[in-house]
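Note sheet for the following structure.
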Amino acid sequence: MGVPRTGFRRSLDSLYDYLDDELPVGALRSNDVIWVRSTIGTDDVNHGTFEDPVATLDYAIGRATASRGDLIIVKEGHSETITGVGGITADVAGIKIIGLGRGALRPTFLMDGGTTVTFAISAANVTVENLIFKGGHSDVVTCFAITAAGARIRRCSFIQNTTDENFLTCIKATSTTDNNADDLEVSYCYSEQI
């Protein structure tokens, strides 16, 4: 008989399914991990643990420390609506944002509120992995706007919320500064148009 798969154990099993061999030793120390889940979370400094997560990804990013390899784990079933330019802004260098779950249970972000809504990556060496992004408006110009080096987008899906709610471009790396988005890696992502 094995150890019963409690909620925490299932989440860790799901996490280990997606982590790569670059995860630094000790990155799972409690001060380096911030948990996110919209349905049970609260955005304040007393939350961010597995049992008491924060509610939004942008708040979790703001709690991370730059260049320390902090890990933000977004729980299965998380759902969030993002509005506006930089509705989520990854402005803390070196963080990894990992979504748990498979298929439709992965964390989902509805990019809504107009054609200019974006997830901005403006700090170096940010990883975003295993999340679903849904276009929530007709002709959303881009989902990710990347202006920093070393960004990694892995195992993410870009889909329509409904007919004609789409992304014109899923990932855009543009800047007025040369070489601003060097070393961009996009791997194992999926885009769907209905």
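What to note about this one:
- Taking amide H as placed 1.01 Å from N in the peptide plane, GLY150 has its amide H under 5 Å from the amide H of ASN125, ASP182, ASP183, LEU184, each at least 5 places away in sequence or on another chain.
- Nonlocal amide H pairs with GLY87, under 5 Å, H built at 1.01 Å: THR118, ALA120
- Pairs of Cα atoms nearer than 8 Å and 6+ residues apart set the relative contact order; for the range 55-194 it is 20 percent.
- Residues in the range 121-131 carry Karplus couplings, in order, of 10, 10, 10, 6, 6, 9, 10, 10, 9, 6, 10 Hz; the curve used is 6.51 cos²θ - 1.76 cosθ + 1.60 with θ = phi - 60°, and Gly or Pro positions show x.
- The heavy atoms of ASP182 present about 70 square angstrom of accessible area, all protein chains included, probe 1.4 Å.
- Once C-alpha pairs closer than 8 Å and six or more residues apart are averaged by separation and normalised to the residue number of the range 139-194, the relative contact order reads 51 percent.
- Residue-wise HN-Hα coupling along the range 142-149, computed from phi with Karplus coefficients 6.51, -1.76, 1.60 (Hz; x: Gly, Pro): 7, 7, 9, 10, 10, 10, 9, 6
- Taking all protein chains as they are arranged and a probe of 1.4 Å, the heavy atoms of GLU51 leave approximately 130 Å² accessible to solvent.
- The order of SER79, SER67 by accessible area, most exposed first and with a 1.4 Å probe, is SER67, SER79.
- The protection proxy used here, the mean number of other Cβ atoms lying within 10 Å of each residue, ranks peptides 127-135, 87-95, 41-49, 154-162 as follows, highest first: 127-135, 87-95, 154-162, 41-49.
The values are calculated or read from the model by the stated rules, or taken from the named source; none is laboratory data. Not measured: the values here are computed from a predicted model. Note that each Cβ is placed from the backbone with ideal geometry, even for glycine, and that neighbours are counted across all protein chains shown. Heavy atoms of the whole protein, side chains included, go into the accessibility calculation; ligands, DNA and RNA do not. Shrake-Rupley method; radii C 1.70, N 1.55, O 1.52, S 1.80 Å.
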